[in-house]
Amino acid sequence: MKKLLTRLSLQFFDSIASIGRSQWNRLSGVDNPFMRYEFLHALECTGCTTAGTGWQPYHVAVFCEDEKTCPVAVMPLYLKTNSQGEYVFDWSWANAYHRRGEEYYPKLVTAAPFTPSQDRRLFVSQEQDQHSIYAFIVEKIKEQAEILNVSSWHVLFPEKHEHEQLKKLGIQGRIATQFHWYNRGYESFDDFLQHLNSRKRKSIRKERHQVTEQGISFICTEGGAISEQQWEDFYLFYQTTYLIRGMQGYLKRSFFLTLAETMSDQLFLINAVKEREVIAAALFFKNSEKLFGRYWGCREDRQFLHFETCYYQGIDYAIAHGHQSFDSGAQGEHKIQRGFEPIITCSNHWIAHAGFAGAISRFLEEERPHILAYQKDASRLLPFKQIQS
């Protein structure tokens, strides 16, 4: 039976290290690579999440009266001074504040930084009453928001159950779409292709053949075996991808090297090789059931190289290793014709200003049917012989 807690306390921490690896992972687990201590701590200790980057750590830990050193719940939280690296776009909200002479930043954000992957965000001990803990955190976040004079609190890409819990507690809900691939028990990539209509099947085979015809081959290296030179090449490609768009990559070389030391079991790297030279690389994360395609870059742009490195090689890996799904990241309608299905993702938003809260609520109500209609229309474009539910 769940404990009913009457006396709780909540603390904010400016570093996840103050909570500690064992205490954090005891509640979060390590199956989700982007919520485990090692990932979040690597972002902090390498300077990727700091006040200077607009991601100041402000993590939450909840304690009960009979155990003041061992938290019963934890939650990632950041004091944000921009909206970069979030993937739930609120630029128009910030502009609306600016036009009215109000400050939208700072704001509070619960998320996996720079990572649009949906999963749990609030981690509560199984011995505790989850709803009571959620309600307590919401109450304390609102109190702290007033003290800090922040405009809002945003929970980005929570799992559906959390999304609904927060909505019941008055934290407005928003939806969006991503494209994920699902393993329907395929025995091989060719088996997967057999489930597609003839035209799309031929198109994908043609794309893969053209990459091979260019003399490009692929090497898959598990995290612990990735060499220093492979990391050097990968990071050069990663930064080049951003520089082409006139931007700087969010993540530092030291961040990736730290992950290689602390959570290599959840990484693998795909290298594209031509004439013994690495020309592209894609870094993937994984857990027992799912792949996550996250970072990619290339030395030279070649036809269909991105699709092969980031999508088809990932599908190959998922089938070979029995992973049930493949989250290839945000956006990308070009994924539909390659068998990636449109799914609904969630976020929750609390706005302190009553007037803006009402306006945003109306916007979200108007936006929702358009998102659902888009998902339905996109599903009709899937290349399967028969759309699989």
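State which residue is modelled with the lowest pLDDT when the search covers only the stretch 230-247 and only residues that are open to solvent by less than 70 Å² (accessible area, probe 1.4 Å) and among the β-branched types (Val, Ile, Thr).
Selected residue: THR241.
Give the residue, chosen from VAL30, VAL60, that is of a type in the set (Val, Ile, Thr) and part of a strand (DSSP E or B).
After applying the criteria, what remains is VAL60.
Filter the stretch 135-173 down to residues that are of a type outside the set (Asp, Glu), surrounded by 15 or more Cβ atoms within 10 Å (Cβ to Cβ), over 19 Å from TRP55 (Cβ atoms) and within 16 Å of the chain's Cα centre (by Cα), then give me how many there are.
Result for the stretch 135-173: 1.
Can you tell me which of GLU102, GLU65, GLU127, GLU86 is closer than 24 Å to ALA357 by Cα and either aliphatic (A, V, I, L, M) or surrounded by fewer than 20 Cβ atoms within 10 Å (Cβ to Cβ) (or both)?
GLU102
Looking at this structure, is ALA94 closer than 28 Å to PHE356 by Cα, over 19 Å from the mean Cα position of the chain (by Cα) and not in a strand (DSSP E or B)?
yes
Looking only at residues in the stretch 25-37 that are surrounded by 20 or more Cβ atoms within 10 Å (Cβ to Cβ) and in contact (Cβ under 8 Å) with a residue 60 or more places away in the chain, which one is nearest to the chain's Cα centre (by Cα)?
This residue is PHE34.
What single numbered condition from (1) within 27 Å of GLY223 (Cα to Cα); (2) part of a strand (DSSP E or B); (3) of a type in the set (A, V, I, L, M) fails to hold for ILE344?
Checking ILE344 against (1) within 27 Å of GLY223 (Cα to Cα); (2) part of a strand (DSSP E or B); (3) of a type in the set (A, V, I, L, M), the one that fails is (1).
Of the residues in the stretch 252-285, how many are outside any helix (DSSP H, G or I) and crowded, with 22+ Cβ neighbours inside 10 Å?
So the answer is 10.
Out of all the residues in the stretch 38-49, is one or more assigned to a loop (DSSP other than H, G, I, E, B) and either within 24 Å of SER132 (Cα to Cα) or aliphatic (A, V, I, L, M) (or both)?
For the stretch 38-49, residues assigned to a loop (DSSP other than H, G, I, E, B) and either within 24 Å of SER132 (Cα to Cα) or aliphatic (A, V, I, L, M) (or both): absent.
Just to check your reading of the model, which residue among GLY355, GLY314 is surrounded by fewer than 15 Cβ atoms within 10 Å (Cβ to Cβ) and assigned to a helix (DSSP H, G or I)?
GLY355 is the lone residue from the list that is surrounded by fewer than 15 Cβ atoms within 10 Å (Cβ to Cβ) and assigned to a helix (DSSP H, G or I).
Please find, among GLN144, GLN178, the residue that is touching a residue at least 12 places away in the same chain (Cβ under 8 Å) and within 22 Å of PRO106 (Cβ to Cβ).
That would be GLN144, the only listed residue that is touching a residue at least 12 places away in the same chain (Cβ under 8 Å) and within 22 Å of PRO106 (Cβ to Cβ).
Please verify whether ALA225 is touching a Leu at 6+ places or on another chain (Cβ under 7 Å) and either modelled with pLDDT of 95 or more or open to solvent by 40 Å² or more (accessible area, probe 1.4 Å) (or both), treating the condition exactly as stated.
It is false that ALA225 is touching a Leu at 6+ places or on another chain (Cβ under 7 Å) and either modelled with pLDDT of 95 or more or open to solvent by 40 Å² or more (accessible area, probe 1.4 Å) (or both).
The values are calculated or read from the model by the stated rules, or taken from the named source; none is laboratory data. Note that the structure is a prediction, hence the values are computed from the model and not measured. Using ideal geometry, Cβ is built from the backbone for each residue, glycine included, and neighbour counts are taken over all protein chains shown. Accessible surface is based on the protein model in full, side chains and every heavy atom, while ligands, DNA and RNA are left aside. Shrake-Rupley method; radii C 1.70, N 1.55, O 1.52, S 1.80 Å.
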